[in-house]
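The structure appears right after this line, and notes come after that.
The values are calculated or read from the model by the stated rules, or taken from the named source; none is laboratory data. This structure is a prediction, so every number in the text was calculated from the model and none was measured. Neighbour counts run over all protein chains shown; Cβ positions are idealised from the backbone, glycine included. Surface areas here come from the heavy atoms of the whole protein model, side chains and all, with no ligands, DNA or RNA. Shrake-Rupley method; radii C 1.70, N 1.55, O 1.52, S 1.80 Å.
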Amino acid sequence: MSSIALIGGTGNVGRRILAEALRRGHTVTVVARKPAQDLAGAGVSFVEGDIAADPAGLGARLAGHDVLVSAARFATVTAEHVLTTARAAGIKRVLVVGGAASLEVAPGVRLLDTPEFPAEYKSEATPGAQFLDDLRGVSDIDWTFLSPAAYFHAGQRTGSFRLGGDAFMVDAEGNSAISYEDYAVALLDEIETLKHVRQRFSIAY
């Protein structure tokens, strides 16, 4: 079992990752500006902190963890913040809740670059794509970036989904979707199996 430090554990995706980790017997330290009392329970501890404000100081308080997971928003948390925290903590394994915008709809053409990409999502999607680019130059941390499908939503834990690489995936009807719950399953599978080290992979139904 792993000791997991979870940035953004009080958000929609982070809560599902926490639940899936506990279901499998891992221990989790949730990093948040304010502890969420409804998440308290066996296997959960809290560290109050802001990774964007003091990543090195936060890292010093997370020493001893096996894995760092970031489910934080890209508009406020950069790859450098996460990597600085991991290095200060001595954590070599980092997993990032990615975005769909950097997936390719054709070789070398990202979803973000298409005319149809909604302008209102670019403030989060553009730094998300940069986050992945920054990770790709890193060799001292075993990072993994998991991109969800375009429609990323609250739903059911089915355990039935497809995994891919850099290509944007759709189903037979042209839909691209995945639930937070099944995303959490895939992310915890990756923590336990280490199949995509220093890679981006993707998930969709």
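Quick notes
- Unique residue being at pLDDT 95 or above, more than 16 Å from the chain's Cα centre (by Cα) and either farther than 26 Å from Arg24 by Cα or open to solvent by less than 60 Å² (accessible area, probe 1.4 Å) (or both) when the list is Glu124, Glu116, Glu190, Glu173: Glu173
- Top-ranked residue in the range 10-21 [being closer than 18 Å to Leu62 by Cβ and modelled with pLDDT of 95 or more; ranked as surrounded by the most Cβ atoms within 10 Å (Cβ to Cβ)]: Ile17
- For the criterion of being touching a residue at least 40 places away in the same chain (Cβ under 8 Å) and in contact with a Leu (Cβ under 9 Å, 6 or more places away or on another chain), Arg93 passes.
- The range 28-80, subset polar (S, T, N, Q) and within 20 Å of Val94 (Cβ to Cβ), residue most open to solvent (accessible area, probe 1.4 Å): Thr76
- Qualifying residue in the range 92-105 (condition: acidic (Asp, Glu), within 18 Å of the chain's Cα centre (by Cα) and open to solvent by 50 Å² or more (accessible area, probe 1.4 Å)): no
- Residue list for the range 110-130, filter: closer than 25 Å to Glu80 by Cα and β-branched (Val, Ile, Thr): Thr126
- Only one entry in Phe168, Phe145, Phe161 is of a type in the set (Phe, Trp, Tyr) and touching a Gly at 6+ places or on another chain (Cβ under 6 Å), namely Phe145.
- Of the residues making up the range 154-178, just one is out of contact with any helix residue (DSSP H, G or I) (no Cβ under 8 Å at 6 or more places or on another chain) and of a type in the set (Ser, Thr, Tyr), namely Ser176.
- Every residue from the range 65-89 that is among the polar types (S, T, N, Q) and more than 16 Å from Tyr183 (Cβ to Cβ): Thr76, Thr78, Thr84, Thr85
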